[in-house]
Amino acid sequence: MNDYNSSAHPRVLEALAGAEGKRFPGYGTDEETAAAAEVVRRLTGRPDADVHFLAGGTQTNLTAIGAFLRPHEAVVSPASSHIYMHETGAIEAVGHKILNIPAEYGKATPAAVREAVASHADEHMVKPKLLFISQATELGTAYSLSELTALRQVSDEHGLFLYVDGARLANTLASEACDLTLEALAGLADAFYIGGTKNGLLFGEALVITNPLLKEDFRFLMKQRGALLAKGFLLGIQFRALLEDGLWLELARHANGMAARLKEGLRAAGVSIFVKNDTNQVFLYARPDMKPLLEKRILFERWGPEEKDGVPIRFVTSWATTEDEIAAAVELF
């Protein structure tokens, strides 16, 4: 049903267990967190970046967007985005309107961004100031380097910050179909985060801020939003274990590979896959009469009302998915 349904990868748990009996300063001011931040700066090629560790994706988006925007400013975002569909109005709750734009398989386009900006032309309306995208998108699709560069260009044209939700960033970068690198992303986005919750950690996201205009007083705003974790060293230890030796991409490759195997098996069984992607989300149509059987045997998320092709549902694979689980799922069809 999701990619955060297992506790944490053994190497992450071992790193946490190795800290037993040690004492750390609070709120992420410890050596482990500093070392993890340096790893992020090295991997991104941005020694100038500010790196902050937060507990979850919604908290990260809420804290970052709330910090980056003035009261009258708004977010431009694909209509399928997480901040609009699955965060309970968190962004609106802090006073920032989300301007939805059409999305092609979850992706924003420069034309749609331009139209949103053009339709908010004066002080009687909110002012578009930040473009929000996810990499990978809510449909598991990924922006190519050229697509992301085009969004950077249109953002510059209209004075927008470009912010990237990276809950499944590792799955994108680990995809064989992806031509984007972490360094390239860090050079294009004003801020983004590297997701850990959905990639082998107990919890945690690493927010990377590259634009100097967005850095000031961020820890103050983290504290105000309840995002400055007293036991911040728990985030530092986990991210160091995840990133230092390439584990994060290893886990993402496994999840992507299990999804590819699942799609192959489903197609062989005559099941229709309705979104083409190369990450770890699988979208398929199930026959209506199969839904009760599936509900008894496997967890999944329904992805909308019944259509002529069947009931749209989503499966998600993870670092912990096994070949036996894939085979058992395929056998249901």
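The values are calculated or read from the model by the stated rules, or taken from the named source; none is laboratory data. None of these values were measured; they are calculated from a predicted model. Because the Cβ atoms are built from the backbone with ideal geometry, glycine has one as well, and the counts that use them run over all protein chains shown.
At-a-glance table
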| item | result |
| --- | --- |
| Residue in segment 295-318 that is farther than 30 Å from Arg41 by Cβ, of a type in the set (Phe, Trp, Tyr) and at pLDDT below 95 present | yes |
| Filter result (of a type in the set (Gly, Ala, Ser) and either in contact (Cβ under 8 Å) with a residue 60 or more places away in the chain or crowded, with 16+ Cβ neighbours inside 10 Å (or both)) within segment 287-323 | Gly310, Ser318, Ala320 |
| Only listed residue being touching a residue at least 24 places away in the same chain (Cβ under 8 Å), more than 30 Å from Leu130 (Cβ to Cβ), among the aliphatic types (A, V, I, L, M) and surrounded by 20 or more Cβ atoms within 10 Å (Cβ to Cβ), chosen from Leu247, Leu262, Leu243 | Leu262 |
| Any hit, segment 10-20, residues being closer than 30 Å to Thr322 by Cβ, of a type in the set (D, E, K, R) and in contact with a Leu (Cβ under 7 Å, 6 or more places away or on another chain) | yes |
| Subset of segment 287-314 that is assigned to a strand (DSSP E or B) and in contact with a helix residue (DSSP H, G or I) (Cβ under 7 Å, 6 or more places away or on another chain) - its residue that is nearest to Met85 (Cα to Cα) | Val311 |
| Conditions (1) part of a helix (DSSP H, G or I); (2) surrounded by fewer than 19 Cβ atoms within 10 Å (Cβ to Cβ): number failed by Ile326 | (2) |
| Some residue of segment 43-52 being under 27 Å from Gly26 (Cβ atoms) and modelled with pLDDT under 95 | no |
| Residue list for segment 260-286, filter: of a type in the set (Gly, Ala, Ser) and either in the same structural domain as Ala177 (by TED's automatic domain parsing) or not in a helix (DSSP H, G or I) (or both) | Ala269, Gly270, Ser272, Ala286 |
| Selected residue (criterion: nearest to Ala186 (Cα to Cα)) from residues of segment 32-85 that are in contact with a His (Cβ under 8 Å, 6 or more places away or on another chain) and of a type in the set (A, V, I, L, M) | Ile65 |
| Considering residues of segment 70-96 that are charged (D, E, K, R) and buried (at least 17 other Cβ atoms within 10 Å of the Cβ) only, the residue modelled with the lowest pLDDT | Glu87 |
| Those residues of segment 95-110 which are farther than 16 Å from Leu162 by Cβ and outside any loop (DSSP other than H, G, I, E, B), in sequence order | Asn100, Glu104 |
